[in-house]
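Enquirer: Next up is a structure, given as structure tokens.
None of the figures in this text is laboratory data; all of them are computed from the coordinates on show. Here the structure is a predicted model, which is why all the values come from computation and not from measurement. Every residue, glycine among them, receives a Cβ derived from its backbone with ideal geometry; neighbour counts consider all protein chains shown.
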Amino acid sequence: MKKNTEIIGQLNELLADFQIFYQNLRGFHWNIQGKNFFELHAKFEELYVDAAAKVDEIAERILTISGTPMHGFQDYLDTAEIVPVKNVHDDETAVKTIISNLEKIIEKERDIKELAGSVDDSGTEDQMSAFIEEQEKTLWMYKAWLK
């Protein structure tokens, strides 16, 4: 039971990070300016739609393993490692923030995957594997955009 509680706690931390990441992405989508506006406005929307889906999947996984997903904004702010940003209008700052946020999220997902594997929680392990695979590709693409 201790390991289940630990996984639930780590999933709630990931949930908090995704909520802040989601809100950062919404702000980038709304506020981006400059010559890359059309390209990034659309890309940021793709990212926040995906983040919203992952928020739901993480919360449902927490419920599936008999936990309670946190759901208060103050809880997210108090728990998340991702830092809220605001008033970002330039493309490079937005993309660098996305890269930094994704690196933190992937690191946390790897930790959860390892813990889940150690306690035979294949559902959580599989979920984290799928998230990591997709996000590593996204990370590569945004890093390539910066070059």
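Enquirer: Counting just the residues of segment 65-109 that are polar (S, T, N, Q) and at negative phi, which one comes out surrounded by the fewest Cβ atoms within 10 Å (Cβ to Cβ)?
Expert: Applying the filter and picking the extreme gives Q74.
Enquirer: If I ask for residues that are surrounded by 19 or more Cβ atoms within 10 Å (Cβ to Cβ) and either out of contact with any helix residue (DSSP H, G or I) (no Cβ under 9 Å at 6 or more places or on another chain) or not aromatic (F, W, Y) (or both), which ones from segment 44-54 would you list?
Expert: L47, A51, K54
Enquirer: Name the single residue, out of those in segment 3-36 being out of contact with any helix residue (DSSP H, G or I) (no Cβ under 7 Å at 6 or more places or on another chain), without any contact (Cβ under 8 Å) to a residue 60 or more places away in the chain and closer than 14 Å to T93 by Cβ, that is surrounded by the fewest Cβ atoms within 10 Å (Cβ to Cβ).
Expert: Q33
Enquirer: For segment 110-147, which positions are over 19 Å from G34 (Cβ atoms), surrounded by 12 or more Cβ atoms within 10 Å (Cβ to Cβ) and of a type in the set (F, W, Y)?
Expert: Within segment 110-147, F131 is the sole residue that qualifies.
Enquirer: For segment 81-95: of the residues being outside any helix (DSSP H, G or I) and over 15 Å from the mean Cα position of the chain (by Cα), which is nearest to K143 (Cα to Cα)?
Expert: The residue in question is D90.
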